[in-house]
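Data first, discussion second: the structure below is written as structure tokens.
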């Protein structure tokens with residue numbers, strides 16, 4: 001496995017990787033990695049959809065000297081359990097985060113989160129503002145206001161019909177099997193052209209399981225692809241964002257499909273948030289421009 005890059009700032013930190021641990025939430029055994037340094041302030045790294053906790057290894061390596069870093073696998077992802085009913089409502093993701101913080105006595109905690117993880121963390125911070133010290137969300141605001149308004153116009157019967165059709169389609173879909181890990185690696189590289197070969201290999205090696213026949217499949221549950229037919233209303237989500245009291249940094253890649261919250265109106269919802277636009281980065285800003293991201297995060301947190 002390729003070495004994870006380090007810098008002089010972390011040269012005196014042990015090169016040992018994190019320790020795998022588990023906690024229980026709604027009867028699910030959920031996995032997280034602990035990077036040690038328990039006397040330091042707590043920092044949670046929360047990954048995005050169809051990803052896993054080891055995607056943070058480069059960030060954790062640089063920050064572990066000053067922080068007690070915990071990086072969980074979301075339910076249905078990585079080495080965490082899959083719900084038997086294949087349902088992934090946002091409320092359950094939020095509960096899992098709340099349980100991790102509660103069980104491990106992490107509050108007040110700093111959170112860095114990406115995509116789906118950012119969506120979860122932002123809502124959690126609005127529900128429990130007193131428990132979050134600082135928050136960095138990388139493209140975690142979800143769909144743009146225009147997209148949410150368009151979806152809200154679809155009648156509930158049509159939304160549920162579409163959801164049923166998606167569920168049926170996925171129920172017949174077997175996890176894709178790759179003959180070799182190199183084939184899985186190619187898929188990873190196709191998904192994000194910004195990744196270096198070393199990054200792509202590391203993410204692939206931690207993101208697959210080997211099947212009995214020797215092939216490889218991604219660890220995540222295919223059902224995580226389906227968004228529930230109903231969620232909090234747009235106004236309810238905005239109300240939660242408005243309740244966040246901690247300083248928040250909303251990170252955006254200029255080459256991403258996501259829209260800039262500073263220009264699409266969503267930034268105005270927050271009390272103390274600011275936006276960081278990163279040139280030359282797509283959706284995975286912390287991979288695409290690690291140096292820029294780390295410089296900004298170290299100053300912010």
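Just so it is clear, none of the values below were taken in a lab; they were calculated from the coordinates. Source: prediction; values computed, not measured. Neighbour counts run over all protein chains shown; Cβ positions are idealised from the backbone, glycine included.
A few notes on this one:
- The test for being touching a helix residue (DSSP H, G or I) at 6+ places or on another chain (Cβ under 6 Å) and either in contact (Cβ under 8 Å) with a residue 24 or more places away in the chain or over 22 Å from residue 263 (Cα atoms) (or both) holds for residue 120.
- Scanning the stretch 245-272 for residues being in a helix (DSSP H, G or I), touching a strand residue (DSSP E or B) at 6+ places or on another chain (Cβ under 9 Å) and without any contact (Cβ under 8 Å) to a residue 60 or more places away in the chain gives a total of 1.
- Tallying residues that are out of contact with any helix residue (DSSP H, G or I) (no Cβ under 6 Å at 6 or more places or on another chain) and farther than 23 Å from residue 86 by Cβ within the stretch 171-186 yields 6.
- Residue identified as on the phi < 0 side of the Ramachandran plot, buried (at least 17 other Cβ atoms within 10 Å of the Cβ) and part of a helix (DSSP H, G or I) among 200, 242, 158, 236: 200
- Taking the criterion of being in contact with a strand residue (DSSP E or B) (Cβ under 7 Å, 6 or more places away or on another chain) and in a loop (DSSP other than H, G, I, E, B), the residues of the stretch 203-233 that qualify are 211, 215, 219.
- Matching strands (runs of 3 or more DSSP E) fully within the stretch 22-127 where at least 1 residues are surrounded by 23 or more Cβ atoms within 10 Å (Cβ to Cβ) and under 12 Å from the mean Cα position of the chain (by Cα): 42-46, 68-72, 109-114
- Residue in the stretch 203-210 that is under 21 Å from the mean Cα position of the chain (by Cα), at negative phi and surrounded by fewer than 14 Cβ atoms within 10 Å (Cβ to Cβ) present: yes
- So residue 283, is it outside any helix (DSSP H, G or I) and more than 23 Å from residue 132 (Cβ to Cβ): yes
- Residue pairs whose Cβ atoms lie under 7 Å apart, sitting 6 or more positions apart in sequence or on different chains, and linking a residue in the stretch 162-186 that is free of Cβ contacts under 8 Å to residues at least 24 places away in the same chain to a partner that is part of a helix (DSSP H, G or I) and surrounded by 11 or more Cβ atoms within 10 Å (Cβ to Cβ), are 185/200; 185/201; 185/204.
- Which listed residue is in contact (Cβ under 8 Å) with a residue 40 or more places away in the chain and more than 19 Å from residue 122 (Cα to Cα), from 35, 82: 82
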